[in-house]
1. Quickly run through region B:80-102 and pick out the residues that are modelled with pLDDT of 95 or more, open to solvent by less than 30 Å² (accessible area, probe 1.4 Å) and of a type outside the set (Gly, Ala, Ser).
2. Exactly one condition in (1) more than 14 Å from chain A (Cβ to nearest Cβ); (2) under 14 Å from the mean Cα position of the chain (by Cα) is not met by B:Ser94; state its number.
3. Tell me, yes or no, whether region B:23-33 has at least one residue that is small (Gly, Ala, Ser) and either closer than 23 Å to B:Pro126 by Cα or within 14 Å of chain A (Cβ to nearest Cβ) (or both).
4. Checking the structure you have, find out if any residue of region B:1-13 is modelled with pLDDT of 95 or more and in a loop (DSSP other than H, G, I, E, B).
5. Can you name every residue in region B:53-82 that is more than 15 Å from the chain's Cα centre (by Cα) and within 14 Å of chain A (Cβ to nearest Cβ)?
6. Quick check: is even one residue across region B:115-130 more than 9 Å from every other protein chain (Cβ to nearest Cβ), open to solvent by 30 Å² or more (accessible area, probe 1.4 Å), modelled with pLDDT of 95 or more and in a loop (DSSP other than H, G, I, E, B)?
7. Would you check which residues across region B:28-45 are in contact (Cβ under 8 Å) with a residue 40 or more places away in the chain and part of a loop (DSSP other than H, G, I, E, B) and list them?
8. So if I check each of A:Glu25, A:Glu73, A:Glu51, A:Glu58, which one is at pLDDT 95 or above, open to solvent by 60 Å² or more (accessible area, probe 1.4 Å) and either assigned to a strand (DSSP E or B) or β-branched (Val, Ile, Thr) (or both)?
There are 2 protein chains.
Amino acid sequence: MSEASDAVITANARFYRALGNADLEAMSLLWLHSDESACVHPGWPMLEGWELIRQSWEAIFENQGPFRVWPGEVSVHLDGTTAWVTCIENIDTSRELTDVLVQTQATNIFRMTGGEWKMIHHHASPLPTGSGSGEERRISPN
Amino acid sequence: MSEASDAVITANARFYRALGNADLEAMSLLWLHSDESACVHPGWPMLEGWELIRQSWEAIFENQGPFRVWPGEVSVHLDGTTAWVTCIENIDTSRELTDVLVQTQATNIFRMTGGEWKMIHHHASPLPTGSGSGEERRISPN
């Protein structure tokens, strides 16, 4: 893996840490604050522009608080100042439901700006149960 | 719109024409035949590599044949030799079901190669009913 790929993977991991910690400040730091930024939460219509995206995270974090989430099957694609990551989002819903692992599929696009990879696009969508590699069912992030 | 944006919009429109016409050859021409290419059909696990993607289109086209589909709310993002398009996919299911318009949300990534914008990533996911602008409910592609 190149240094640039490592930096993109780090930015992607930071996104899932901010999500799991329900940390709006960390989430704000890693997004590009631009009208061009867009976000598709699973099953939601797409939100365009950082302000709408920020409001959505605020509402989600207030509603559900911290939870365990970690990326799996991470794949990085680099081209100049744009990079995209595909990954499965492993979500532990045992706090609210029974001990069930929900998985979603994500496409995350990052742009290099000011020496940092900033998230500019997030598209997450539900996956059918049991469609991942199976590894995530046993591996814990901690 | 720049000339490059126009070319990306044209490539994106060509994708929906190939899809609607169930045209595997046209679909093959517009995709990058690479292990890096990836495709998420609505509700499916992600397929990686052109060969798996090609097989999926072949199966989809054989199964459902031609149908009316057209993009709406098209937004283009350009950065060097990478571009991505977000759009709503309007799908007319009146042939199989009642006269219902189904909408999905797409993120389509293209790479400029050999003077052409080739699709390298397609992520489509179901949208809740009635979440689009509403315009698509009245506008026909023909």
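The values are calculated or read from the model by the stated rules, or taken from the named source; none is laboratory data. Small disclaimer: the values here were computed from a predicted structure and weren't measured. As a convention, Cβ positions derive from the backbone with ideal geometry for all residues, glycine included, and neighbour counts pool all protein chains shown. Heavy atoms of the whole protein, side chains included, go into the accessibility calculation; ligands, DNA and RNA do not. Shrake-Rupley method; radii C 1.70, N 1.55, O 1.52, S 1.80 Å.
1. B:Thr82, B:Trp84, B:Val85, B:Thr86, B:Cys87, B:Ile88, B:Glu89, B:Asn90
2. Status for B:Ser94: all satisfied but (2).
3. The initial filter retains those residues of region B:23-33 that are small (Gly, Ala, Ser), namely B:26, B:28.
Retained after the next criterion (residues that are either closer than 23 Å to B:Pro126 by Cα or within 14 Å of chain A (Cβ to nearest Cβ) (or both)): none.
Checked against the condition, which is being small (Gly, Ala, Ser) and either closer than 23 Å to B:Pro126 by Cα or within 14 Å of chain A (Cβ to nearest Cβ) (or both), region B:23-33 yields no hits at all.
4. no
5. B:His77, B:Leu78, B:Asp79, B:Gly80, B:Thr81, B:Thr82
6. Step one: of region B:115-130, the residues more than 9 Å from every other protein chain (Cβ to nearest Cβ) are B:115-119, B:122, B:129-130.
With the extra rule that they be open to solvent by 30 Å² or more (accessible area, probe 1.4 Å), the set shrinks to B:115-116, B:118, B:129-130.
Add one more test, that the residue is modelled with pLDDT of 95 or more, and what stays is B:115-116, B:118.
If we keep only those that are in a loop (DSSP other than H, G, I, E, B) as well, we get B:115.
Yes, some residue in region B:115-130 is more than 9 Å from every other protein chain (Cβ to nearest Cβ), open to solvent by 30 Å² or more (accessible area, probe 1.4 Å), modelled with pLDDT of 95 or more and in a loop (DSSP other than H, G, I, E, B).
7. To start, the set of residues in region B:28-45 that are in contact (Cβ under 8 Å) with a residue 40 or more places away in the chain comprises B:30-32, B:34, B:36-43.
Answer for region B:28-45, where residues must be in contact (Cβ under 8 Å) with a residue 40 or more places away in the chain and part of a loop (DSSP other than H, G, I, E, B): B:Leu32, B:Ser34, B:Glu36, B:Ser37, B:His41, B:Pro42, B:Gly43.
8. Answer to the check: A:Glu73.
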